[in-house]
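Chemist: Supplied in structure tokens, the structure appears directly below.
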Amino acid sequence: ANDSISLQKALAGLRRINLDGLRWRVFDAKDQVLGRLASQISTVIQGKDKPTYAPNRDDGDMCIVLNAKDISVTGRKLTNKFYRWHTGQVLLFILGLYVGHLKERSLKDQMAKDPTEVIRKAVLRMLPRNKLRDDRDRKLRIFADSEHPFGDRPLEPYIMPPRRVREMRPRARRAMIRAQKKEELQKQTANETVKGKRRVVKEEVKA
């Protein structure tokens with residue numbers, strides 16, 4: 001039953017998409033950083049990688065994302081990043097107040113509940129908020145593992161660009177060198193203090 005529901009969800013809305021001339025790009029999310037992957041998907045889904053790109057046209061390709069459960073994040077985002085939403089307003093007749101129920105869920109809990117929604121939210125929040133947003137959302141198909149129902153389509157694996165490590169700025173480099181020297185000086189001072197205490201103890205024992 002769950003397989004049929006997931007299949008229906010994966011195929012939903014395909015009839016509303018004009019697939020003529022579109023490529024089927026496959027993204028492997030395994031061990032990819034969430035934000036970097038989402039930025040590449042948003043570029044492809046908007047058609048910004050094509051010379052015919054125009055902001056008022058929806059020329060983006062179909063994007064299939066696999067292995068969403070194996071996505072990685074940097075820092076402490078698993079526990080410190082939260083998704084918040086309101087359930088609506090409940091009318092309290094006695095007090096005459098509207099109470100908005102704010103709920104939240106950490107990234108770790110969302111990954112356990114539905115990892116596909118993590119990538120979907122990251123991509124949608126990088127897209128312009130206009131009339132084309134819903135059409136672009138339909139072109140995004142995300143799967144928790146490597147299985148998908150689009151095996152009969154001409155799939156093209158998307159190769160992620162290499163990560164560019166920016167050189168450290170001179171000011172930051174000088175600050176890092178100062179911090180390293182300060183740390184070495186503190187260690188030296190601590191070692192000399194320990195050695196001095198040991199000498200005092202030895203002299204007292206001899207006396």
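Chemist: Using a 1.4 angstrom probe on heavy atoms only, work out the carbon and sulfur share of the accessible area of the chain in %.
Modeler: In the chain, the share of accessible area belonging to carbon and sulfur is 51 percent.
Chemist: Would you please state which residues of the range 107-121 a label at R76 would reach in this model, taking the label point 7 Å out along Cα→Cβ and a backbone N cut-off of under 17 Å?
Modeler: Under cut-off, by backbone N: 107-109.
Chemist: Under the Karplus relation 6.51 cos²θ - 1.76 cosθ + 1.60, θ = phi - 60°, what is the ordered set of whole-Hz ³J(HN,Hα) values for the range 125-139, x standing for Gly and Pro?
Modeler: So the Karplus estimates, Gly and Pro as x, are 6, 9, 8, x, 8, 9, 5, 7, 5, 5, 5, 5, 5, 5, 7 Hz.
Chemist: Using 1/(1 + (r/R0)^6) with R0 = 45 angstrom and r between the beta carbons of E104 and V200, what's the FRET efficiency to the nearest 0.05?
Modeler: Efficiency computed from Cβ-Cβ geometry: 0.20.
Chemist: Taking the convex hull of the Cα atoms, report for the chain its projected area averaged over all directions, in nm².
Modeler: Details: hull surface 100.5 nm².
Computed as one quarter of the Cα hull surface, the answer is 25.1 nm².
Chemist: Whose amide H sits under 5 Å from the amide H of G47, counting only residues 5 or more places off or on another chain, with H placed in the peptide plane?
Modeler: G60, D61
Chemist: Taking the Cα centre of the chain as origin, sum charge times position over the Cβ atoms of Lys and Arg (+1) and Asp and Glu (-1), and report the length of that vector in debye to the nearest 20. It would help to have the intermediate numbers written out before the result.
Modeler: On the way: 47 positive and 26 negative charges, 310 e Å.
So the dipole magnitude of the chain works out to roughly 1480 debye.
The values are calculated or read from the model by the stated rules, or taken from the named source; none is laboratory data. As the structure is a computational prediction, the values presented were derived from the model and not from experiment. Virtual Cβ from ideal backbone geometry, glycine too; neighbours counted across all protein chains shown. What goes into the accessible areas is simple: the full protein's heavy atoms, side chains included, and nothing from ligands, DNA or RNA. Shrake-Rupley method; radii C 1.70, N 1.55, O 1.52, S 1.80 Å.
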